[in-house]
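Report on one structure; see the data block that follows.
The values are calculated or read from the model by the stated rules, or taken from the named source; none is laboratory data. Here the structure is a predicted model, which is why all the values come from computation and not from measurement. All Cβ positions, glycine included, derive from the backbone under ideal geometry; neighbour counts span all protein chains shown. For accessibility, only protein heavy atoms count, side chains too; no ligands or nucleic acids. Shrake-Rupley method; radii C 1.70, N 1.55, O 1.52, S 1.80 Å.
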Amino acid sequence: MDFLPLEQLRQIQLTRLQVIVRRAYDRVPLFHRRMKERGPNPDDLRTLADLARLPFTVKTDLRDAYPFGLFASPLQEIVRFHASSGTTGKPIVVAYTKEDVDDWARAMVRSFSACGVHNGDIVQNAYGYGLFTGGLGAHYGAEALGASVIPISGGNTERQIMVLKDFGVTVICCTPSYFLHLVERGSELGVNFHDLPLRIGVFGAEPWTESMRRRIEELSGIKAYDIYGLSEIVGPGVAMECQHQSGPHLFEDMFYPEIIDPDTGTPLPDGQEGELVITTLCKRAMPMIRYRTRDITSLVATPCACGRTLRRISRISRRSDDMLIIRGVNLFPSQIETALLAVEGTLPHYQIIVDRQQGLDTLEVQVEVTPEFFSDMVGGLEKLQGKLSHAIESVTGLRATIRLVAPRTLQRSEGKAKRVIDRRQM
Ligand code: DLL
């Protein structure tokens, strides 16, 4: 599929698109209603260009359908759930049939193969296992390829370094920032990554840059490849770099990409930067029609030296919404607000400060407390701090340092409040 002549690829895309749009229309009330109201009818889809006439799907559609409202398969056919941050308290839920899980593993096999992973490789999978798609997504792909997987999941840095060394790991999967942290911690522990058999890093789930890639490669002696994906579409394996490291190739036969102007929704030509929109061409349990990813990138159609005919995406430069990615976890400022306001004693004035220390993201939340609380004894403030930290962790899954400040100390803005200060330098 990676090397198909373009005409053949476009024909496959069209046939699959017609099937998936029909499935979404027949089985998912939201898609049915939208297409009925705004058109076109699934039978009117005669060319790939007709797709642009279909309505978009956005993250709040998934939130509003929480938990099972967008499923196109009955529960008996669903074999897996995952979830990702919503914009407020509740996560968004995604689901897979047996065939969907197999297709996803195939996309991951193509991803691993593209960057030179093969059977015989020992893969340390340090993406989180659980509701996050990273762990199980990479796991099933690496197994299907015939590699040996170490399902170590995220965290516990010293154990990660021990396993890397003792098992003779050749491939590592994690966020680029976490890998940098591993290298730095390794050097403190006397482990030089240049001396390890490690060759390949499959890095994604957060934005990173070419200079970060160079730094990682210099410090560790491995080749660092960019993998892209998102839960709403499948998880990791939507796009992956080949050995030429010239941007992730999108698996277009499974995920149909468009680039639009984020303000007007107008489709833009290849090469122009805008928001990536994806339509899933195979997913049965939860088809997505024109899903707005909010990721800003461009489609690169110029030939790649590897010979793949699949277009690439350029580095994701930013998002068109306010979602932050902290230690690979997606975070909306509105989630912090929901958590803070659920705890008595705080005022709705807060600021989120994100920084990076020794390669690891840090999260601090400064919040004003009510005058009554502020004049309270230290014990009360400490308790409040604990409650807030717990509330934030239970909504976002992230641990934050809480700094309580006196009423009216955080800077007020005359327009939009500046909630986030991001000091990370990538
Ligand atoms: O992060 C899936 C994934 C897991 C991808 C492991 C790669 C590796 P979500 O948690 O739903 O899914 O977050 C998706 O993360 O819309 C982007 O904003 C960002 N993102 C993912 N990969 C990259 C990347 C997983 N390579 C959101 N570069 C996406 C930049 C990325 N941003």
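Mind jotting down the distance between the C-alpha centroids of segment 99-146 and segment 341-369, whole Å? The two parts, judged by their Cα centres, are 35 Å apart. Over what distance in Å are the Cα centres of segment 215-257 and segment 5-83 separated? Between the Cα centre of segment 215-257 and that of segment 5-83, the gap is 25 Å. Each Cα pair under 8 Å and six or more residues apart adds its separation to the average, and for the chain the resulting relative contact order is 14 percent. Solvent-accessible surface of the chain, averaged per residue with a 1.4 angstrom probe and all protein chains in place: 43 square angstrom. Ordering 86-98, 313-325, 235-247, 401-413 by mean Cβ neighbour count within 10 Å, with the highest value first, yields 235-247, 86-98, 313-325, 401-413.
Modelled this way, with points 7 Å down the Cα-to-C-beta line, the labels at Asp26 and Asp422 are 4.2 nm from one another.
Among 199-206, 304-311, sorting by the average number of other beta carbon atoms lying within 10 angstrom of each residue, highest first, gives 199-206, 304-311. Working note: Cα gyration tensor of segment 324-425, eigenvalues times five, square-rooted, sorted largest first, giving semi-axes of 22, 16, 12 Å. Inter-label distance, Glu364 to Asp376: 2.3 nm, where each label sits 7 Å from its Cα along the C-beta direction. When peptides 23-29, 208-214, 264-270 are ranked by their average number of other Cβ atoms within 10 Å per residue, the highest-first order is 23-29, 208-214, 264-270. Within the same chain, aspartates and glutamates fewer than 8 places from Lys387 are excluded, and of the rest, those with a Cα less than 19 Å from its Cα are Glu337, Glu344, Glu364, Glu368, Glu372, Asp376.
Distance check, please: which entries in Lys283/Lys416; Lys59/Lys416; Lys90/Lys416; Lys90/Lys383; Lys59/Lys98 exceed 30 angstrom between their Cα atoms? Violating the 30 Å Cα-Cα cut-off are Lys283/Lys416.
Counted as membrane-span-like here are DSSP H helices of the chain whose alpha-carbon atoms extend 30 Å or more along the helix's own axis and whose Kyte-Doolittle mean is -1.0 or above; these are 6-27. Using the Cα gyration tensor of segment 232-373, with a ≥ b ≥ c the square roots of its eigenvalues, what is the shape: rounded (a/c below 1.5), prolate (a/b larger than b/c) or oblate (neither)? Cα axes put segment 232-373 in the prolate bin. First check a/c for the chain, with a ≥ b ≥ c the square roots of the eigenvalues of its C-alpha gyration tensor; if it is under 1.5, answer rounded, and if not, answer prolate when a/b is larger than b/c or oblate otherwise. It comes out oblate by the Cα gyration axes.
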